[in-house]
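Below is one structure, written out as structure tokens; the observations come after it.
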Amino acid sequence: MSTSAFNMDLSTGFGEVENFAYTFATEVRLREKHQLVTLQILYSKEMEISFADRLFPGGGIRSPSPREEIFNVGLLYGLTSAFHLHRMLFPFFPLAILINHDADYSISGSVGVSAFNSILRGAAVEQGSGGGTSTTYAVDRRISAGVPVQLELVQYFSPSVGYVHRLYYNFNSRQEFWSLLWGLQLHL
């Protein structure tokens, strides 16, 4: 941690906009000793089919149209700390057999500001066709600002590659959302 580092991070996971959503994120990070500056791009979109549809075909409830989605660009500042353990915290990672049992880690917490482009469901609109009516929703598209907060743990396989575990939350007056992400971090 005594030198500077420039990292790129690619991760994916799940989260919640209004309903269950998938999430993709990429980050470019500059670490100077224990300080961390991160440029982050995050995209999250509701899944079309709910878990109930997968578990009980024909009996589940589909997400109302339109599916909500978020495109977020943020700049975060945080602190990070490195440590070494004689055991792996996450031995079930698919590449764990390639790694000896000692492992280096870093843990960080960051907070920042973000621009937030979102498509949300607006007011309900009833549509009649034939003898029945169906409810759809208007599209509510807007750009707003948010305050992203994230906690991250990285398990290093080598000095240049790490496995990322990240909990992300964005406070926003328009639509708060969270994500749990996993991915790879590369030292450039």
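The values are calculated or read from the model by the stated rules, or taken from the named source; none is laboratory data. Bear in mind that the values here come from a model prediction, so they are computed numbers and not experimental data. Glycine also receives a Cβ, built like all others from the backbone with ideal geometry; neighbour counts cover every protein chain displayed. We work out accessible area using only protein heavy atoms, side chains counted, and drop any ligands, DNA or RNA first. Shrake-Rupley method; radii C 1.70, N 1.55, O 1.52, S 1.80 Å.
Using a 1.4 Å probe and ignoring any ligands, DNA or RNA, find the accessible area of Thr136 and quote it in Å² to the nearest 10.
40 Å²
Want the number for Asn19 to Glu69: 0.36 nm per residue separation, take away the alpha-carbon distance, what's left?
17.0 nm
Using a 1.4 angstrom probe with every protein chain in place, what is the largest-first accessible-area order of Lys33, Lys45?
So, going from the largest accessible area down, we get Lys33, Lys45.
Going by accessible area, probe 1.4 Å, with all protein chains left in place, what is the ranking of Glu27, Glu16, largest first?
On the way: Glu27 0, Glu16 70 Å².
Ranking Glu27, Glu16 by accessible area, largest first, yields Glu16, Glu27.
Kindly sort Arg29, Arg67, Arg141 by accessible area of their heavy atoms, largest first, with the probe set to 1.4 Å. Intermediate values should be presented prior to the final figure.
Values: Arg29 5, Arg67 75, Arg141 155 Å².
Solvent-accessible surface, decreasing: Arg141, Arg67, Arg29.
According to a simple spin-label model (label point 7 Å from Cα along Cα-to-Cβ), what is the distance in nm between Leu85 and Trp182?
1.5 nm
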